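Accompanying notes for the structure given below.
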Amino acid sequence: QVQLVESGGGLVQAGGSLRLSCAVSGSISSINAMGWYRQATGKQRELVASITSSGSTNYADSVKGRVTISRDNAKNTVYLQMNTLKPEDTRVYYCYAARAGTWYWGRGTQVTVSS
């Protein structure tokens, strides 16, 4: 079983930055991919960024150039650095981990960007 706990969300003004963290229980070395999704109230969850075990990354077009995903295997943590935040980035952000075809999710952390 894999457990994930997000942190780092909050309220920030437009143009500001936040760094989200996702702490993973156990070793993440056997996890194929990790990443972040986000969801607005009443909307579908959408991919923000992902990172594979080899370090390959993928980003949604809406965040390219503003967001960086990274992972620290020694700390069992995945990070999402978000810069130049916009009001439309206001969502609940969820961390996920995929291992052997099974996906695990955190409970989410709220990011609110004021204009």
Exercise for review: With springs connecting C-alpha atoms under 10 Å apart, model the chain as a Gaussian network and identify which of 20, 85, 11 has the largest mean-square fluctuation.
Suggested key: 11
Review point. Modelled label-to-label distance, residue 47 and residue 110, 7 Å Cα→beta-carbon offset: nm?
Key: 2.8 nm
Revision key, fill the gap. Candidates 23, 74, 40; GNM for the chain (alpha-carbon contacts under 10 Å) flags as most fluctuating 74
Point to revise | Set of aspartates and glutamates near residue 86 by C-alpha distance (under 15 Å), chain-local residues within fewer than 8 positions excluded | key: 61
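Which percent of the accessible heavy-atom area of the range 1-65 goes to carbon and sulfur, probe 1.4 angstrom?
44 percent
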Exercise for review: Could you check how many percent of all C-alpha pairs in the range 1-61 are farther apart than 17 Å?
Suggested key: 54 percent
Practice item. Using a 1.4 angstrom probe, figure out how much accessible area the chain has per residue, in square angstrom, rounded to the nearest whole. Key: 52 Å²
Review point. In whole Å, what three semi-axes, largest first, describe the equivalent ellipsoid of the chain built from its Cα gyration tensor (square root of 5 times each eigenvalue)?
Key: 23, 14, 13
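The values are calculated or read from the model by the stated rules, or taken from the named source; none is laboratory data. Everything numeric here is computed off the predicted structure, so don't read it as measured data. Positions of Cβ are backbone-derived with ideal geometry, glycine not excepted, and every protein chain shown enters the neighbour counts. Accessible surface areas use protein heavy atoms only, side chains included; no ligands, DNA or RNA. Shrake-Rupley method; radii C 1.70, N 1.55, O 1.52, S 1.80 Å.
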